[in-house]
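*Asks:* Handing you this structure, nothing more for now.
The values are calculated or read from the model by the stated rules, or taken from the named source; none is laboratory data. No experiment lies behind these values; they were computed from the predicted model shown. Please note: Cβ atoms are built from the backbone with ideal geometry, for glycine as well, and neighbour counts cover all protein chains shown.
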């Protein structure tokens, strides 16, 4: 069963045992506060033996009691802050209660990129006496809830903060207030904080109840420090910031691919390509061997992602074209054969991809990517000004694109020309990705180059899709086909050739429009 999803926006406060919830109707925009409602909640949190999920501020729990009993998965917040200084936004996914010790597949798939083959098991049990105060606006809209929680946490196994064994029965108790938006706006947080602090509360020193139960040793900062970005960043920092954002995207899309969600493969493939482009463009900043290994492994992953994605694109393209053909036995026969061929290719490719995502090789790749992000194998020139290095990388990629265009212009019509235009497309894509990385330090100019390269990439992508569709149809045709079926195949091939001509013409216009911009680069 597919998990339901929502966005959680909340802020936590530590409160003393004697603290009194202040008059919440004094808050601006709050017209009424509902009668307090008390519920007893029990939640069992699951994690690896090394608390991998908690270290990334991911929580996976099964909770009974209250209005939202069931399995909950809270994925990393957008903000890297863990001290409660700002409201946290987190994706929250729900699944039915099911069995106590069996994590639903719809949630387990979302954490595989993080646990990487390690088993998840119960680590903490929380018993919470929750008193909820609902805040309503003048129009009756449910703005937010203030939860007054008295918590008892029990460690089920593992270690405490000091590293000492913390077996069953190791308990903590505390009280906290949690303000969570329902339909209200974030502007409510500022006046609410003033009111709660005046009542004796203080911003929570933990990002979640689980983090507090496990201790600070289970929390580690994720992502790239802010000092690595900005126009005065050194060259390697520009790459680190760009690659880190794509690693985050790759990890986020892993679950979507496992669950076969729309666009999951496309988005994961795009992140993989962007990392490869960045490593290729800035490879001289790093030691050769580790970067070469990463690029090879990313190429392996990209190829696996490409098989089902290409089949999916071709099927969607040809379905649309077959819908425009005259109905009849010939069209029906051609449609059945196209769908059977592309469907079989998609299924086989997706099966290989799913197997790869469970492999040690894939998990090693994720480890290596994060190690590159956290401990980049830089050479001395990596400290050169990022603006200068990024500009040169963009200009080099632009020159590469111009060379491939000239080669395509002089290539013999037919397969040679088609292959040459495919190379132009790949070089335009590489320029786009490099310009995106340079935009961190070169701003609008690099952004314009990225958009210009994207226009060329997109039109030649349409050209390449039509080439693949034409070749697929040609491969399905047989001399034994009835006349009506052969006519349907012929119409499909003709349509692809028309699309190829239109895309090539559009590419010429896009290139002409951006030629001066790409020649000047970003320096």
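*Asks:* Picking from 474, 484, 469, which residue would you name as being in a helix (DSSP H, G or I) and crowded, with 18+ Cβ neighbours inside 10 Å? Break it down stepwise before answering.
*Replies:* Details: 474 fails: crowded, with 18+ Cβ neighbours inside 10 Å; 484 fails: crowded, with 18+ Cβ neighbours inside 10 Å.
The match here is 469.
*Asks:* Next question, about the same structure. If residue 487 satisfies all but one of (1) in contact (Cβ under 8 Å) with a residue 24 or more places away in the chain; (2) more than 32 Å from the chain's Cα centre (by Cα); (3) closer than 25 Å to residue 306 by Cβ, what's the number of the condition it fails?
*Replies:* (3)
*Asks:* Since residue 286 meets every condition but one in (1) at pLDDT below 95; (2) touching a helix residue (DSSP H, G or I) at 6+ places or on another chain (Cβ under 6 Å), which condition does it not meet?
*Replies:* Residue 286 satisfies every listed condition except (2).
*Asks:* Residue 131 passes all but one of (1) over 33 Å from the mean Cα position of the chain (by Cα); (2) closer than 24 Å to residue 260 by Cβ; which number fails?
*Replies:* (2)
*Asks:* Restricting to segment 181-240, count the residues that are closer than 17 Å to residue 437 by Cβ and at pLDDT 85 or above.
*Replies:* 5
*Asks:* Tell me yes or no: at least one residue of segment 153-174 is within 21 Å of residue 193 (Cα to Cα), modelled with pLDDT of 95 or more, surrounded by fewer than 19 Cβ atoms within 10 Å (Cβ to Cβ) and touching a strand residue (DSSP E or B) at 6+ places or on another chain (Cβ under 6 Å).
*Replies:* yes
*Asks:* Here's another thing I want to ask about it. Only one of these conditions is not met by residue 312: (1) within 30 Å of residue 470 (Cα to Cα); (2) surrounded by fewer than 18 Cβ atoms within 10 Å (Cβ to Cβ). Which number is it?
*Replies:* (2)
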